[in-house]
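The values are calculated or read from the model by the stated rules, or taken from the named source; none is laboratory data. All values derive from a computational prediction rather than experimental measurement. As a convention, Cβ positions derive from the backbone with ideal geometry for all residues, glycine included, and neighbour counts pool all protein chains shown.
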Amino acid sequence: MGYESTLYNLVLLLHILAAIVGFGGIALNSIYLARARALPGQQGHAVLEANSFVTSKVSEMAIYATFLFGIVLIIVSDGAIEFSEGWISAAFAVMIIMVGVIHGMIRPATRQLIELSGSGSGTGEAGGLERRVTIGTAVLNVLLVIALALMIWQPGA
């Protein structure tokens, strides 16, 4: 195995692909919200439901896969990367916070928005929920940049 092995490179490829699918889908939440708001009734509701499926099913599973592939990368690096390195611990912490933002802010607010749009009521409440999704998505995007910086520059390695 090792840092430059075919297995390492394959897992790295899967790690990057999972990150693109996972974080890419969630990064576009604000665009979906704006589009849903611009469409009348059931059309806007359909956009919210489609976005929710992508973010809560596809993107979240890909984000979990990103984390798992990262762990496998450390294992197959044959000591070139160690779990004890500071940047690895920081990346794990950032990942845990990201999952917390998804589960604590983005997912619940999106679920409530779908319920409101399906019932046709709660426009004032919808604005607050949209802000929660937008802020959660922005926080997630900043955390993603931090995670990428940790992986690229590997401070303390």
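Out of the residues in segment 110-157 that are in a helix (DSSP H, G or I) and hydroxyl-bearing (S, T, Y), state the one that is farthest from F92 (Cα to Cα).
Filtering segment 110-157 for residues in a helix (DSSP H, G or I) gives 110-119, 123-153.
Still in the running and hydroxyl-bearing (S, T, Y): 110, 117, 119, 123, 134, 137.
Numbers: T110: 26, S117: 36, S119: 40, T123: 38, T134: 24, T137: 19 Å.
Per the stated criteria, the residue is S119.
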Self-check item: Qualifying residue in segment 138-157 (condition: touching a residue at least 12 places away in the same chain (Cβ under 8 Å), closer than 30 Å to P40 by Cβ and more than 14 Å from the chain's Cα centre (by Cα))
Solution: no
Quiz item: Taking T66 and the conditions (1) closer than 19 Å to G136 by Cα; (2) within 13 Å of the chain's Cα centre (by Cα); (3) crowded, with 16+ Cβ neighbours inside 10 Å, which numbered condition does it fall short on, given that it satisfies the others?
Solution: (1)
Quiz item: Which of (1) of a type outside the set (K, R); (2) free of Cβ contacts under 8 Å to residues at least 40 places away in the same chain; (3) within 22 Å of I146 (Cα to Cα) does L73 not meet, given it meets every other one?
Solution: (2)
Self-check item: Unmet criterion (only one of (1) modelled with pLDDT under 95; (2) surrounded by fewer than 19 Cβ atoms within 10 Å (Cβ to Cβ); (3) assigned to a helix (DSSP H, G or I)) for A93
Solution: (1)
